């Protein structure tokens, strides 16, 4: 039984949880335009009867810090895209400019900043739960191997310490990202 590989796999799952949390933080806008704010919005195209992510059907750019420009590959989809952005309820009201949509990003009110800070805290908690689940899964594998006498008691104890170290590091990373995002939102 390769204990180091099992621990490394657990650490990789924890890293994925941290990365997921960081990606989710990037979707919370701070009054500064970013393509990530809209790229994963699901757009239902009436003409084709299908649903697609916005980034798969258009070019998304930020010409300045206060606006996002969405230029669909198929101009006929512009109304569907506009409806999808409005339905996403992210506080952006897209304006049609012929062949593209200009999406002005409003400055955040104090109340909205607090809402987003709460959302960031919830996302951080979800990330921590994912880290703890990865820890639990790795420990279960090792404890089962210990019962089957594939891993000694000493190896199990050492492994538990390594796993806990990885868990603590991942949770500290999430906390650091949360602190940074919180400062961005409240700043």
Restricted to Cα positions, what overall size does the chain have along the principal axes? Three whole-Å values, descending. 69, 41, 22
For the range 58-104, diffusion coefficient by Stokes-Einstein and Kirkwood Rh (Cα), 20 °C, 1.002 mPa s, µm²/s: 203
Based on alpha-carbon positions alone, could you give the equivalent ellipsoid semi-axes of the range 67-166 from the gyration tensor, as √(5λ), descending, whole Å? 51, 19, 9
Mind putting together the pair-distance distribution for the range 1-73? All Cα pairs, 5 Å bins, whole percent per bin, short to long. 3, 14, 15, 15, 13, 11, 9, 7, 6, 4, 2, 0
Would you give the gap between the C-alpha center of the range 7-85 and the C-alpha center of the range 117-187, rounded to a whole Å? 28
What three numbers, in Å, describe the spread of the alpha carbons of the range 134-181 along their principal axes, ordered from the longest? 46, 16, 7
Quote the FRET efficiency, to the nearest 0.05, computed for residue 64 versus residue 180 with a Förster distance R0 of 22 Å and r equal to the Cβ-Cβ distance. 0.40
So residue 160 and residue 148, fully extended at 0.36 nm per residue minus their Cα-Cα distance, gain in nm 2.6 nm
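Any read-out appearing in this document is the output of simple, stated calculations on the displayed coordinates, not a laboratory observation. Because the structure is predicted, anything quoted here is derived from the model rather than measured. Every residue, glycine among them, receives a Cβ derived from its backbone with ideal geometry; neighbour counts consider all protein chains shown.
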